[in-house]
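Notes follow once the structure below has been shown.
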2 protein chains.
Amino acid sequence: MSGVEVTGRLLYASSEACADLWYEAGFPTTDEFLWYAVGEQRGIVINVMELARAQAECRSGLDVLTPREAAARWGVVEERPGISDLIVALTRHCGVTTWQVPANFPFALAKILLDKGLVLASVPHFCPSRAVKTAQEIEWLREGVQLAEAGLRRAEQVLRESVIDAAGMVCWQGAVLTAELLRGEINAEVARHGGTASHTITAPGTQGASPHCEGSGPIAANAPIVLDIFPRCDRTGYYGDLTRTLVKGRAPDCVRRAFASVQRAQREALAMLAAGVIAKAVHERVEAVFAEDGYVTVFEPGPARGFFHSTGHGVGLDIHEYPGLNLRNDAPLVTGNVVTIEPGLYYPEWGGIRIEDVAVITDAGAENLTTAPVYLEIP
Amino acid sequence: MSGVEVTGRLLYASSEACADLWYEAGFPTTDEFLWYAVGEQRGIVINVMELARAQAECRSGLDVLTPREAAARWGVVEERPGISDLIVALTRHCGVTTWQVPANFPFALAKILLDKGLVLASVPHFCPSRAVKTAQEIEWLREGVQLAEAGLRRAEQVLRESVIDAAGMVCWQGAVLTAELLRGEINAEVARHGGTASHTITAPGTQGASPHCEGSGPIAANAPIVLDIFPRCDRTGYYGDLTRTLVKGRAPDCVRRAFASVQRAQREALAMLAAGVIAKAVHERVEAVFAEDGYVTVFEPGPARGFFHSTGHGVGLDIHEYPGLNLRNDAPLVTGNVVTIEPGLYYPEWGGIRIEDVAVITDAGAENLTTAPVYLEIP
């Protein structure tokens with residue numbers, strides 16, 4: 001046996017918290033369990049409480065074992081084996097010389113395994129195939145986008161029902177509408193459709209100038225509200241991601257012009273998507289549109305102005321995954337990649353505009369999974 | 001300097017995903033950042049996008065640095081330093097000989113640090129003080145429980161509005177009520193109140209016999225529905241946890257008897273809580289009540305029957321944290337512990353009964369943070 005290199009792959013996490021594990025095992029848990037792959041063998045070791053669900057929902061071809069069954073099969077000698085004892089026995093049983101683990105593999109377990117003489121190698125992309133979605137995954141992502149669109153429709157309804165008071169504030173159901181109330185209505189609608197939305201952005205006015213600001217306080221009329229909704233489907237684990245920017249009332253000219261430029265940048269980026277296109281080139285196209293329209297990005301002094309985030313990111317079982325559409329990514333897009341296209345313009349004087357769709361790359365171009373209309377004003 | 005032992009503490013995570021980091025830094029992020037403590041010095045290194053929020057929301061006494069500022073302060077020589085370069089420079093700057101890290105510290109980063117000669121020691125309870133809640137934390141936990149109670153009230157309303165059809169099914173708004181619909185209504189109400197609920201259990205009939213089963217499909221009348229709601233407050237990060245079991249219509253005698261026993265077990269467990277009481281003793285009291293009432297726990301063959309989970313767990317920035325109320329915990333409860341008390345009985349023939357409150361341990365006894373009434377039937 002000496003000299004034979006056998007590389008296995010190992011995960012230990014809750015699949016709810018670890019997208020690689022949900023992908024490989026096929027079902028969500030909040031409790032940790034073990035997944036391994038050595039050659040054609042793939043299996044999980046999971047506690048008895050989760051056993052029935054694992055057997056019913058796991059990916060085909062997986063061996064589902066309880067700790068007791070695993071201990072018997074792999075010849076564990078310890079009376080009450082811990083997870084590290086099981087892994088050591090599995091290593092011996094399969095002759096594994098190196099275990100590949102993801103970057104976020106828990107250090108405490110890794111340390112025990114290293115101290116017992118195992119070799120662990122962390123790999124940056126543990127499941128490269130996650131970037132290339134199957135037809136089933138694309139349908140799940142479409143459902144994710146539909147969850148987000150349900151949330152957006154609720155926000156549009158609230159804003160349509162609202163009136164503008166004498167002080168220029170947006171009023172709904174007899175009280176001033178706040179960012180928190182609007183977020184609650186969006187997230188409630190997502191929940192009602194079987195998804196979980198958190199950190200939904202409802203950033204009114206100048207708050208929208210900071211792309212990560214979630215938004216708080218009263219919403220003024222005649223100013224942009226950035227609505228960025230990225231729910232996860234409770235059943236499948238796949239995300240949707242959607243941004244629209246709306247104004248209750250009438251937008252100032254500077255906001256209309258920025259909106260038109262972002263809309264054009266987004267359309268041009270979507271139009272150039274196809275297998276073989278370099279990811280970075282999509283980002284550069286967006287930058288070029290903004291430059292043509294006279295929007296210059298300035299990083300300092302003070303808060304950044306203009307366009308200063310990436311154009312998009314892959315989306316799947318993680319909200320941000322490979323491939324990114326940014327200056328660092330020189331790789332070509334491939335059929336089955338699913339990416340967001342979300343250019344934006346941000347100015348502390350009046351706020352932000354961002355428009356975001358999710359599209360799947362095809363041989364011929366791209367299919368936009370988003371159906372929500374793009375417009376600015378709600379009278 | 002040789003021979004001087006300096007132990008520091010180190011976290012690298014997103015505070016959204018790492019309760020220790022939310023606790024130490026005081027604010028949520030979805031992006032990773034660095035937190036360190038050496039002697040009296042405590043600080044974070046966070047990217048520019050999150051800087052303003054970090055400065056506004058972080059715990060007092062924390063140094064908030066950008067990577068560039070940290071590099072200048074600690075004498076980093078690399079042109080574009082990575083996070084490991086910053087940590088190496090910090091180690092040298094503060095003369096740290098050992099870094100304590102939590103069990104879930106990411107292996108890939110740990111490996112780089114170890115290869116650069118740093119010493120890392122993982123500790124099982126990274127923030128022991130998390131188990132002893134401050135007055136502020138207790139208020140945040142009360143708000144968490146109130147979020148769960150809002151969800152429960154919505155479920156009660158739906159069940160009150162429902163009718164029983166000729167086939168014995170629960171009907172709401174003209175259609176058979178399903179576990180998914182009921183869960184959606186609960187989670188929507190939680191969202192509307194500023195919380196996020198996921199994996200809410202709405203387990204009808206025999207599905208409730210499996211404590212982890214989330215529930216699916218049509219809900220029948222005259223059978224128990226286990227409702228377990230554990231939302232997180234979006235603003236504070238603290239959880240609530242609440243379980244009630246309800247029957248639409250009339251419960252069979254076996255269900256009523258089990259309900260009465262679970263209610264008695266829960267009351268007796270709550271009544272004995274106080275600083276100094278051994279955690280295990282609370283669990284044993286629950287077991288004793290069930291034994292007195294003739295409920296015997298059987299683990300095999302087939303699915304477990306009776307009472308086969310722990311009586312409760314600590315709750316805070318994690319839904320399950322120290323201290324557990326189970327046979328393995330010989331430690332005394334202390335003032336400021338916040339724990340769930342959630343006995344249950346489970347029988348595959350008819351389902352499950354569980355009743356759960358959250359209580360804070362005081363010198364004299366305990367304060368129950370839960371106000372939801374305990375009853376079984378909704379006519």
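Below is a table of values for the structure above.
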{"read-out": "Which listed residue is at pLDDT below 95 and not basic (Lys, Arg), from B:Glu143, B:Glu137, B:Glu69", "value": "B:Glu69"}
{"read-out": "Residue count, region A:195-238 (criterion: on the phi > 0 side of the Ramachandran plot and at pLDDT 95 or above)", "value": "5"}
{"read-out": "Residue satisfying all of: in region B:101-119; at the interface with another protein chain (Cβ under 7 Å from one of its Cβ atoms) and among the hydrophobic types (A, V, I, L, M, F, W, C); farthest from B:Ala89 (Cα to Cα) among these", "value": "B:Ala103"}
{"read-out": "Within region B:57-86, considering residues that are β-branched (Val, Ile, Thr) and surrounded by 13 or more Cβ atoms within 10 Å (Cβ to Cβ), the one nearest to B:Trp22 (Cα to Cα)", "value": "B:Val64"}
{"read-out": "Residue ID - most open to solvent (accessible area, probe 1.4 Å), chosen from residues in region B:42-56 that are under 24 Å from B:Glu137 (Cα atoms) and at pLDDT 95 or above", "value": "B:Arg42"}
{"read-out": "Region A:120-147, subset open to solvent by less than 50 Å² (accessible area, probe 1.4 Å) and within 14 Å of chain B (Cβ to nearest Cβ), residue farthest from the chain's Cα centre (by Cα)", "value": "A:Leu120"}
{"read-out": "Any hit, region B:209-218, residues being away from chain A (no Cβ under 13 Å) and touching a residue at least 60 places away in the same chain (Cβ under 8 Å)", "value": "no"}
{"read-out": "Of the criteria (1) open to solvent by 10 Å² or more (accessible area, probe 1.4 Å); (2) in contact with an Asp or Glu (Cβ under 9 Å, 6 or more places away or on another chain), which one B:Pro348 fails", "value": "(2)"}
{"read-out": "Within region B:183-202, considering residues that are in contact with a Leu (Cβ under 8 Å, 6 or more places away or on another chain) and hydrophobic (A, V, I, L, M, F, W, C), the one farthest from B:Asp234 (Cα to Cα)", "value": "B:Ile201"}
{"read-out": "Candidates A:Glu156, A:Glu180, filtered to the one that is closer than 30 Å to A:Ile361 by Cβ and either within 10 Å of chain B (Cβ to nearest Cβ) or in contact (Cβ under 8 Å) with a residue 24 or more places away in the chain (or both)", "value": "A:Glu156"}
{"read-out": "Residue in region A:231-248 that is within 14 Å of chain B (Cβ to nearest Cβ), farther than 29 Å from A:Leu333 by Cβ, open to solvent by 30 Å² or more (accessible area, probe 1.4 Å) and under 21 Å from the mean Cα position of the chain (by Cα) present", "value": "yes"}
{"read-out": "Residue within region B:187-203 that is more than 8 Å from every other protein chain (Cβ to nearest Cβ), open to solvent by less than 10 Å² (accessible area, probe 1.4 Å) and among the hydroxyl-bearing types (Ser, Thr, Tyr) present", "value": "yes"}
{"read-out": "Residue in region A:78-99 that is more than 14 Å from chain B (Cβ to nearest Cβ), free of Cβ contacts under 8 Å to residues at least 24 places away in the same chain and out of contact with any helix residue (DSSP H, G or I) (no Cβ under 9 Å at 6 or more places or on another chain) present", "value": "yes"}
{"read-out": "Number of positions in region A:29-66 that are away from every other protein chain (no Cβ under 11 Å) and acidic (Asp, Glu)", "value": "3"}
{"read-out": "Number of positions in region A:171-186 that are crowded, with 22+ Cβ neighbours inside 10 Å and of a type in the set (Val, Ile, Thr)", "value": "1"}
{"read-out": "Of the criteria (1) out of contact with any helix residue (DSSP H, G or I) (no Cβ under 7 Å at 6 or more places or on another chain); (2) within 14 Å of chain B (Cβ to nearest Cβ); (3) among the hydrophobic types (A, V, I, L, M, F, W, C), which one A:Ala150 fails", "value": "(1)"}
{"read-out": "Hey, B:Gly276 surrounded by fewer than 21 Cβ atoms within 10 Å (Cβ to Cβ) and farther than 17 Å from B:Cys254 by Cβ or not", "value": "yes"}
{"read-out": "Qualifying residue in region A:296-307 (condition: surrounded by fewer than 21 Cβ atoms within 10 Å (Cβ to Cβ) and under 20 Å from A:Pro128 (Cβ atoms))", "value": "no"}
{"read-out": "Subset of region A:322-338 (residues that are open to solvent by less than 30 Å² (accessible area, probe 1.4 Å) and in a strand (DSSP E or B))", "value": "A:Pro323, A:Gly324, A:Leu325, A:Val338"}
{"read-out": "Condition met for B:Gly75 (small (Gly, Ala, Ser), modelled with pLDDT under 95 and outside the structural domain of B:His320 (by TED's automatic domain parsing))", "value": "yes"}
{"read-out": "When residues of region A:30-41 are limited to those that are outside any strand (DSSP E or B) and modelled with pLDDT of 90 or more, the one least open to solvent (accessible area, probe 1.4 Å)", "value": "A:Gly39"}
{"read-out": "Odd one out for B:Ala166 among (1) away from every other protein chain (no Cβ under 14 Å); (2) crowded, with 19+ Cβ neighbours inside 10 Å", "value": "(2)"}
{"read-out": "Residue in region A:32-43 that is over 29 Å from the mean Cα position of the chain (by Cα), within 22 Å of A:Arg130 (Cα to Cα) and among the charged types (D, E, K, R) present", "value": "yes"}
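Every residue, every condition in (1) touching a Leu at 6+ places or on another chain (Cβ under 6 Å); (2) under 29 Å from B:Cys18 (Cβ atoms), yes or no:
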site: B:Arg232; (1), (2): no, yes
site: B:Gly249; (1), (2): no, no
site: B:Asp253; (1), (2): no, no
site: B:Arg256; (1), (2): no, no
site: B:Glu284; (1), (2): no, no
site: B:Asp293; (1), (2): no, no
site: B:Ile319; (1), (2): no, yes
site: B:Gly336; (1), (2): no, yes
site: B:Ile341; (1), (2): yes, yes
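The values are calculated or read from the model by the stated rules, or taken from the named source; none is laboratory data. A quick note: this is a predicted structure, and the numbers were derived from the prediction, not measured. Counting neighbours? That spans all protein chains shown, and the Cβs are built from the backbone with ideal geometry, glycine included. Just so you know, the surface numbers come from the protein's heavy atoms only, side chains and all, with ligands and any DNA or RNA stripped out. Shrake-Rupley method; radii C 1.70, N 1.55, O 1.52, S 1.80 Å.
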